[in-house]
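A.B. asks: Handing you a structure now.
What follows is calculated from the coordinates using simple rules that are stated; it is not laboratory data. This is a predicted model, so every value here is computed, not measured. Here Cβ is always computed from backbone atoms with ideal geometry, including for glycine, and neighbour counts include all displayed protein chains.
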Amino acid sequence: MIFSPLTIVILLFASSIIAYILGKISGKAAGIFSTLVSLVSLVMVIFLLFPGGEMFSFSYNGLMVNSLTVFIAFIPAFLGFLSLLYSISYVKDNFAWYYAFTLMFIGSMIGLAFSWNLLWMYILLELTTITSAILVAHKRDEKSFEAALKYAFQCFFAGFLALIGIVLLYTQTGTLNILELQPLTSQIGLLSTILIMVGFGIKIPFILLHAWLPDAHAEAPSPVSCLLSGAMIKVGAVATFLPLFKFFQLTSFSGFNLAFCWLGVLTMIVGAFMALIQSDVKRLLAYCSVSQMGYVVVGLSLGTPLGVVAGLFHALNHAIAKGLLFLGAGVVEHETGTRNMDKLGGLAKNMPLTAATMIIASLGLAGIPLLNGFNSKWMIYEACIEAGQPLIAIVGMLVSVLTLLYLLKMVHSVFLGLKVSENFKNVSDPSILMVFPLLLLSSLCILFGVIPQLPIQLILVHAAKAFTPSPLPLSFFPIITEIGVWGPTYATLLMVLGLIVGFLLYRFSVKPARKIEFSDKFLPFTGGLTKPPYISIKEAKVPSKPFSFAVEPVSRMFKRFHTGMLNHYFAWIILFFLIFYLLFMFIGGY
């Protein structure tokens, strides 16, 4: 069965009115209703797939249904359902506004995903800003209002620049349909393109356009943070790059591709260094989002079939893992009342499911083998080498090390370290409505780590054709490219087999005649002293200060620019525009 994308959007917006009315009567009823509506919208998006994974492709009235648009629409539909399910137990007040605007936010993102006309893209992009800004201010305190206003004003300013660019482009070309856009031939065309790039790119967000993100992600309710980071910036990335591929012919590697690649590299570096010095769990995850989107930008900017597939795959993996981490951070804050990592520690014993799922997602994002993030990063590195840019691959690997550092810092500070504080002794994993999304998303982290061919072959290879028509030949088991071979499925089977053999050898081997105390093993190194050595990580609490000191020389430079003043952030947006306008004039010879 095929549903019109417009039907899905209308369903979500119409249902928001009912959710608002229900929210005035019963918060639980509004939550259940909104969750069911989001589930229906998710099923409708999935039904846009033909049996066997083939996509129904058609275009009408500025909307496009193809492999790419369905893939991108699936992300907010899927995370929207999980976030609303989670919200039934999480949200405690302002039910009417919360559920109504969450449905509208999801609807505007799905509509944006299916939009194939720059004017419709602009309108729906502004709708995502309005609806999500209201959700960021859900707590109705000073910090949340300030974060919402900063977010809204920066996005509206950038959106105004995009609107100017769209008007200029229409006067030059007479069309705003993505399919009809042509490569740039004039300075006016370049000017309009950079304006559109700024207005849409603030949602990725590119470096210099990212200032709204840390406050908005941190102060929003955690289910909203999940949607902002997991879904909105992915939809924004595709909306930004679709016209750029047409304007700059990014399918043929040139100076334009290289400029966008290094923009992605700078984005990942700045995000990683800023994440290292955070003590607030959600601010750390927010800067992590900036950094990880740098990988997506690099993959798409390469313009090769492998690069585009890798970029889309990492967008999916980041959506899964970061959605989980923000929901997990919400569980921690919900149970303890704080996001400050220096006040937490030892929660793994009380919250084993939350701890286990967040550890899986953290290792996945850091690029640990046999988890989802490793596969997409590995493909991005291969795509860089294939395009003759090994330096970008090396920088990406180094940033992955930083990613591992700050995510392990978060995991250790929250779940390991000191024994649980007296204030948190009664905390535990929350209700199944909040835990189920974490378990499902962590399962996908493992599934796409062990069998990455599922998303790659079923949809991503087809979705990439919207950017580059060249096919990407990939074997199913293992993944074979021109650069190398990676078989995570085989590696997993061998690892499991090794563990089974090791367990059997241990279980049925001859037992030693005398039991040796653990501390006795250290006697040769302690001069015969029998005091147990300091070995247990459970007894150690590593504060965040050493991490801050380690990167202080670099981070201090970045921190100077994060003043919290809107006029400074508006200046960043203008600076971004000027840099790329002048750079592309030089590259293109306009």
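A.B. asks: Does anyone have the angle between helix 545-561 and the longest principal axis of the chain? Alpha-carbon axes, 0 to 90°, nearest 10?
C.D. replies: Helix 545-561 sits at roughly 10 degrees to that axis.
A.B. asks: List the residues of segment 16-44 whose backbone N lies under 16 Å from a point placed 7 Å from the Cα of residue 130 along the Cα-to-Cβ direction.
C.D. replies: 16-17
A.B. asks: I would also like to ask the following. Residue by residue, what Karplus-based ³J(HN,Hα) values in Hz, rounded to whole numbers, does segment 354-367 have, using 6.51, -1.76 and 1.60 with θ = phi - 60° and x for Gly and Pro?
C.D. replies: 4, 4, 4, 5, 5, 5, 4, 5, 5, 5, x, 5, 6, x
A.B. asks: What's the angle, to the nearest 10 degrees (0 to 90), between helix 305-336's Cα axis and the longest principal axis of the chain?
C.D. replies: Compared with the principal axis, the helix lies near 60 degrees.
A.B. asks: To continue, here is another question. Mind giving me the nanometre distance, one decimal, between the label points for residue 508 and residue 146, set 7 Å out from Cα along Cα→Cβ?
C.D. replies: 6.6 nm
A.B. asks: Estimate the FRET efficiency between residue 426 and residue 188 by the formula 1/(1 + (r/R0)^6), using the beta-carbon distance for r and 51 Å for R0, to the nearest 0.05.
C.D. replies: According to the calculation, E is roughly 0.20.
A.B. asks: To continue, here is another question. I'd like the distance between the alpha-carbon centres of segment 122-176 and segment 65-118, rounded to an integer number of Å.
C.D. replies: Cα centroid to Cα centroid, the span is 17 Å.
A.B. asks: Using the crude model of +1 on Lys and Arg Cβ and -1 on Asp and Glu Cβ, and no other charge, please compute the dipole size for segment 346-448 relative to its Cα centre, in debye to 20.
C.D. replies: Here segment 346-448 has a charge dipole of around 320 debye.
A.B. asks: Please give the contour-minus-distance gain from residue 567 to residue 496: 0.36 nm per residue of separation, less the Cα-Cα distance, rounded to one decimal in nm.
C.D. replies: Full extension from residue 567 to residue 496 adds 19.9 nm.
A.B. asks: Also: Do the sum for the chain: with -39,500 (n - 2.57) for every DSSP H run of n ≥ 4, divided by all residues, what is the mean residue ellipticity at 222 nm, to the nearest 500 deg cm²/dmol?
C.D. replies: -23000 deg cm²/dmol
A.B. asks: Moving on to the next point. In nm, what is the difference between 0.36 nm times the number of residues separating residue 440 and residue 397 and their Cα-Cα distance?
C.D. replies: Contour length minus Cα-Cα distance gives 12.7 nm.
A.B. asks: I've got another one for you. Using the alpha-carbon atoms, what tilt in degrees (0 to 90, nearest 10) does helix 255-276 show relative to the longest principal axis of the chain?
C.D. replies: 40 degrees
A.B. asks: Can you give the FRET efficiency to the nearest 0.05 for residue 139 and residue 370, using r as the Cβ-Cβ distance and R₀ = 45 Å?
C.D. replies: The value I calculate is 0.70.
A.B. asks: Under a point spin-label approximation (7 Å from Cα along Cα-to-Cβ), what is the residue 61-residue 575 distance to one decimal in nm?
C.D. replies: It is 4.4 nm.
A.B. asks: Output the pairs from 282/377; 24/425; 143/322; 92/409; 143/465; 234/349 with a Cα-Cα distance over 32 Å in this structure; if there are none, say none.
C.D. replies: In this structure, 24/425; 143/465; 234/349 exceed 32 Å between Cα atoms.
A.B. asks: What is the Cα convex hull volume of the chain when expressed per residue in Å³?
C.D. replies: Spelled out: Cα convex hull of the chain, divided by residues, is 170 Å³.
A.B. asks: OK, next. So what are the ³J(HN,Hα) numbers for segment 90-100, from phi and the Karplus equation (6.51, -1.76, 1.60; θ = phi - 60°), rounded to whole Hz, Gly and Pro as x?
C.D. replies: Residue by residue, segment 90-100 yields 7, 7, 10, 7, 6, 4, 4, 5, 4, 6, 4 Hz.
A.B. asks: Another question about this same structure. Which residues make up the longest stretch of the chain that has no GluC sites (Glu not before Pro) in a DSSP loop with at most 12 other Cβ atoms within 10 Å?
C.D. replies: 55-481
A.B. asks: Then there's this: At 0.36 nm per residue, minus the direct Cα-Cα distance, what do residue 4 and residue 26 gain on full extension? Give it in nm, one decimal, please.
C.D. replies: Between residue 4 and residue 26, full extension yields an extra 4.7 nm.
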